[in-house]
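Here is the structure we will look at.
The values are calculated or read from the model by the stated rules, or taken from the named source; none is laboratory data. From a predicted model like this one, the values you see are computed outputs, not experimental measurements. With ideal geometry, Cβ positions are generated from the backbone for all residues, glycine too; neighbour counts draw on all protein chains shown. All accessible areas refer to the heavy atoms of the entire protein, side chains included, with ligands and DNA or RNA removed. Shrake-Rupley method; radii C 1.70, N 1.55, O 1.52, S 1.80 Å.
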Amino acid sequence: MKSISFKNFRKFVDFPRIDFAPITFFVGANNSGKSTVVKGILAMTDFVIGRQSYDDLFEDDEIEYYEDDLSEKSDRHNKFVEKNKKILKSIKCNFNTNYLAHIGTVNRALCNKADNDIITFSCSYNDKTLVTYEIKCENTKEECVYGILNSINLLFIIEDKKIDIQFNVQDDSILLNFISDNNDILIKGFSISDNFEPRLLLSNYGVLRALISSLDASFDFSLNKEKYASDSYYRQFKGIDFSDEQKSLLEIYLKELSKIRPLFTYTRFSFRRLYTYFTRNINDIEYIYAHSVTQSVLYNFKDTSDYLSRTIHEFANKNITRNSKIHEFIVRWMKIFNIGIDYKLDSFGGESHIVKITNTDKRSVNLADKGMGSIQLMTLLFRIATKMKDLRSVGNRYTTIIIEEPEQNLHPMLQSKLADLFYELYDKYRFNFIIETHSEYLIRKSQVLVNQLRTKRNKRSNNPVNNPFKVYYFPSEGVPYDMDYAPDGSFNEDFGTGFFDEASNLAFQVL
């Protein structure tokens, strides 16, 4: 995920768009809204990838039937359209499915200052798209845990043109806009029609046919309409009578689509395919929430309430060998954090595990006998190593890890070294991070790294290395703002009171 904004969600009536860097820090006072942003990311992730799969809404035999049968007046056709309208209007955003988000009911998700019952999330998944979801809270009673999908808006950029497709589920309408760089609408097509067939938008039969054949549309032009598309472009729409205005729009649309080949072909271009392309990386999110650690010797996988036991069990099941790079990564960082020089997992029937740590004197001790900080760090290393193995198995090198207060139980020096860990994971393994933190030392070390990067050059391109860090400060009241690193590592903006200035204020009181 590259950015997020939302309206009427929890603390914020209107939360402005914030852009994520490879390593993004959230800092600020308690109850300032940091967790709200994380919950928004988790809620949308859960909604998009796990709870309502558009691919599963329609049966294959019905799709095949409709692609073979173009009759638009048969009873079977009409029943089919009505059925799928009902399906689309039943898509739910469940705020209670992801227990990690701790959102619960619609009543808790909807901002208590909202002047309507629509929660809106806008997310970008790459540099050229923005997807907006409107979720209507039809029942805001405490026991209601879900909202109904009201509309989806896809804004994507093809060279210098922006194409905006607004899909209103509840009103059966589509608004198609071509927008210039200065946001002037160059081409506009609007439709509200009894013949609207939302199912076509979600099939591989094509968004073009849905927009042109089944919609009662009128088009307004302010572009020079040059002749571009030959009759061959219309062969896929055999049986449709195009007006001159519709043909003109189709010509320009197809011309713009030609610029993004081979991603899409004209005959297979569809809303579902577009949606899948723009959201395909959103499922690469790992959430490491603030958790307590226990000094138990035996970690049982049945103890699902214990984050450490669950982490160790999942890590053990990855069967990471001692000569692997992942093992070397863990051991090296164990030494950096002064935890030990090696580790070993002993498994009992695959249901419980003991973790042994080898100290610098070569003696082995239970992880439970180490300090709370060491246990906390080993949990983090095991969790990241598990994700490394997962990504290698699917051939995907990109993921986002959300971490809540990684500095728990850590000495200030070790808190600062977390910045080194996160930078290495980004630089060598392409992990991205969103980190909630109250650690001044972690932020200050990131400033040091930014300063060092200004003289570092990329080995391949010999270009300066870009700063991968970004810090958003969340004030007690209002919306967060980017602290904006200068090249020397200093910030161009000021933190609010109680963070960077707290140590110096106390020092002045002592003096």
Binned Cα-Cα distance frequencies in the range 300-416 - 10 Å width, integer %: 12, 45, 36, 6
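Pop out the Kirkwood hydrodynamic radius of the range 1-43 from its pairwise C-alpha distances, inverse of mean 1/r, in Å to one decimal. Can you show the working numbers first?
Numbers: mean 1/r = 0.0909 Å⁻¹.
When all Cα pairs of the range 1-43 are included, the Kirkwood radius is 11.0 Å.
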Given q = 0.13, 0.16, 0.21 Å⁻¹, what are the Debye log10 I(q)/I(0) values for the range 367-444, with equal point scatterers placed on the Cα positions and solvent ignored? -0.41, -0.62, -0.99
Relative packing of 103-114, 446-457, which averages over residues the other C-beta atoms within 10 Å, highest first: 103-114, 446-457
For Gly28, residues with placed amide H under 5 Å, excluding near neighbours: Phe474
Non-local residues with an amide H under 5 Å from the amide H of Asn432, with H modelled 1.01 Å from N and Pro and chain starts lacking one, are Thr399, Thr400, Ile401
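Quick one: of Lys7/Lys141; Lys39/Lys389; Lys128/Lys456; Lys2/Lys89, which pairs are farther than 24 Å apart, Cα to Cα? Can you show the working numbers first?
Working: Lys7/Lys141 19 Å; Lys39/Lys389 26 Å; Lys128/Lys456 29 Å; Lys2/Lys89 28 Å.
Over 24 Å Cα-Cα: Lys39/Lys389; Lys128/Lys456; Lys2/Lys89.
In square nanometres and to one decimal, what's the mean projected area of the convex hull around the Cα atoms of the range 333-473?
Details: hull surface 42.8 nm².
With every direction weighted equally, the projected area is 10.7 nm².
Give me the compactness ratio for the range 428-511, meaning the Cα radius of gyration over 2.2 N^0.38 Å. Intermediate values should be presented prior to the final figure.
On the way: Rg = 15.5 Å, N = 84, 2.2 N^0.38 = 11.8 Å.
Cα Rg divided by the expected 2.2 N^0.38 Å: 1.30.
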Placed amide H near Asn150: partners under 5 Å, 5+ positions off or other chain: Glu134, Ile135, Lys136
Kirkwood Rh over alpha-carbon pairs of the range 418-471, then Stokes-Einstein at 10 °C and 1.306 mPa s: what D in µm² s⁻¹, rounded to an integer? 133
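Do any trypsin sites (Lys or Arg not before Pro) in the range 301-376 lie in a loop, going by DSSP, with at most 11 other beta-carbon atoms within 10 Å of their beta carbon, and if so which?
Numbers: sites: Lys302, Arg310, Lys318, Arg322, Lys325, Arg332, Lys335, Lys344, Lys356, Lys362, Arg363, Lys370; in loops: Lys302, Lys318, Arg322, Lys362, Arg363, Lys370.
Hits after loop and neighbour filter: Lys302, Arg322, Lys362, Arg363.
Exactly which GluC sites (Glu not before Pro) in the range 452-511 are in a DSSP loop and have at most 16 other Cβ atoms within 10 Å? Mind showing how you got there, number by number?
Details: sites: Glu477, Glu493, Glu502; in loops: Glu477, Glu493.
Counting only loop positions with at most 16 other Cβ atoms within 10 Å, the GluC sites (Glu not before Pro) in the range 452-511 are Glu477, Glu493.
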Net charge, Ile402 excluded, C-beta distance under 14 Å - Lys, Arg +1, Asp, Glu -1: -2
Please go through the range 314-358 and write out the GluC sites (Glu not before Pro) that DSSP classes as loop and that have at most 14 other C-beta atoms within 10 Å. Glu351
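Could you please state how large a percent of the accessible area of the range 279-379 is carbon and sulfur, counting protein chains only and using a 1.4 Å probe? Walk me through the intermediate numbers first.
Working: 2210 of 4880 Å².
Looking at the range 279-379 in its full context, I get 45 percent from C and S.
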